[in-house]
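Take a look at the structure set out below.
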Amino acid sequence: MPDDETQTLNRGAAARTPTGPRALRLPGAAEAPAPWLLRLIAVGLVLAALNLRPAITSLGALLEEVRDGLHMSGSVAGVLTSVPPLCFAVFGVMAPRLARRFGAGAVVCAGMAAIAAGLVIRPYIGSTAGFLAASALALMGIAVSNILMPVIVKRWFPDRVGTMTGLYSMALALGTALAAAVTVPLTGAMGGSWQSGLAVWAVLAALAVLPWIVLVRDRTPAPGTSVPGSAAARPADAPALRITRSRTAWGLACFFGLQATAAYITMGWMPQIFRDAGVSAGTAGVLLAVTMAMGVPLAFVIPRVAGRLKQQGPIVVVLGLCGLIGYGGLYLAPAAGAWVWAVLLGVANCAFPLALTMIGMRSRTGAGVVRLSAFAQSTGYLLSIPGPLLVGVLYQHSGGWGLPIALMAGLMIPQMVAGVLAGRDRTIEDEC
């Protein structure tokens, strides 16, 4: 980043970064982060974000081959597509506690290592149960990193929250689209083995471990929190009952859960919808990539626009209407208008960076952002678990995509309602 912007970040971080025996000691600076460190963390954020979805979208592109190779039924495949939100809900809630004990950087570093290990193991384990277990290992790493991305941005870039949120959201969308687009061609280039096509993404995860190694010993908490064990830290460690009194927190959790439901149904099942409509496997993967790629520019633009608005409800409604039109097109003419529906559903999926932005805006303190991020994402992912599973069951028992697509479209309505509620100009501190 430019030198003048780096100096501004240094001054802001110096005013917010506590010192002490547990704080990271930086060469040539007693309090402010060194410029090279900020650049390294920015690179680490981008690499980490690139790895937060390939484990899911690469599987979606090869789901039919994996089902045949492991002899899965449609219902079991539905369970498989429900594993990501289940892991995000179960393991995501652990992220704040782990970050307080080991440091957010160390947890993200371990998360990237877990992703790499899971992606290497799962294609070659030879059984459905083993495939699910190895997937869960990778998804555990994704879950804790998901939660801690806003925390790390708040910690290291307190004066550039919108810009850095947009940057890693854009990288996340790019990684999602890249895995969807190139997994099938890569599989063909490596001899047609779906195992190799899935395992290759472990290389990107292993690369993402490297920038975070420098932060393994950092124990400095995010702005607004205190060193673990101090009296000032007790509010952040208090039971989560207070946040459950906030209608804004619940609205944000429901909005996050419903957009996650749509996203994981799309990532897990959309290529199969197109393939069943007569589209080739390679083209179906590219269509999913188009859907995911819409998030690359929009994930950078939407947080910046949302940050300038007092209420984010209008953005929520626009995204929801795009989803309704896209699902209607999938129902009526899945092959004929495939590219249009892919674009519209890609716009609708940009509810994810909007939700992340609202997490940062709905609390006045760093401690509040940590708790709200954990609550909204963990609760939201828990709410999203039945969706992909139900789609698999409906698909198997109805013999077509009419009912599953109707379900997807129907969920857009409560998503818009919850998003408007979450987007009101207030903070959780006003309600707890």
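Remarks
- Summed over all non-identical Cα pairs, the Kirkwood treatment of the stretch 247-404 gives a radius of 16.4 Å.
- The stretch between Arg39 and Asp159 holds 41.7 nm of extra length on full extension. This uses 0.36 nm per residue minus the Cα-Cα distance.
- Contour excess over end-to-end distance, with Cα ends at Val203 and Glu429 and 0.36 nm allotted per residue: 77.1 nm
- Helix axis angle, 386-398 relative to the chain longest principal axis, alpha carbon, degrees: 0
- Cβ-derived FRET efficiency at R0 25 Å, Met94 paired with Arg217, nearest 0.05: 0.75
- Spherically averaged projected area of the stretch 67-207 from its Cα convex hull (nm²): 9.0
- Gyration tensor verdict on the stretch 113-194 (Cα atoms; rounded if a/c is under 1.5, prolate if a/b is larger than b/c, oblate otherwise): oblate
- In degrees, nearest ten, helix 104-121 long axis to first principal axis of the chain (Cα): 20
- Rounded tilt (10° steps) of 202-212 against the dominant C-alpha axis of the chain: 10
- Note on the chain: Cα-only Rg and Dmax are 20.9, 66 Å.
- Arg247 paired with Arg364, simple spin-label distance in nm, labels 7 Å along Cα-to-beta-carbon: 2.0
- Helical runs (DSSP H, four residues minimum) scored at -39500 (n - 2.57) apiece and divided by the length of the chain put the mean residue ellipticity at 222 nm at -24500 deg cm²/dmol.
- Label-to-label distance for Tyr124 and Arg304 is 4.4 nm, based on points extended 7 Å past Cα in the beta-carbon direction.
- Per-residue HN-Hα couplings for the stretch 373-379 [Karplus 6.51, -1.76, 1.60; θ = phi - 60°; Hz; x = Gly/Pro]: 4, 5, 5, 5, 6, 5, 5
- Span from the the stretch 256-324 Cα centroid across to the the stretch 57-131 one, whole angstrom: 21
- Per residue, the convex hull spanned by the alpha carbons of the stretch 282-345 comes to 60 Å³.
- Geometric extent, Cα atoms of the stretch 319-389 - Rg, Dmax (angstrom): 16.0, 50
- Whether the stretch 76-144 is rounded, prolate or oblate, judged on the alpha carbon gyration tensor where a/c under 1.5 counts as rounded: oblate
- In the distance distribution for the stretch 58-100, Cα-Cα pairs more than 17 Å apart total 45 percent.
Read-outs throughout are calculated quantities, based only on the coordinates presented, and are distinct from any laboratory measurement. Keep in mind it's a predicted model, so treat the numbers as computed, not measured. Here the Cβ is made from the backbone with ideal geometry for all residues, glycine too, and neighbour counts use every protein chain on show.
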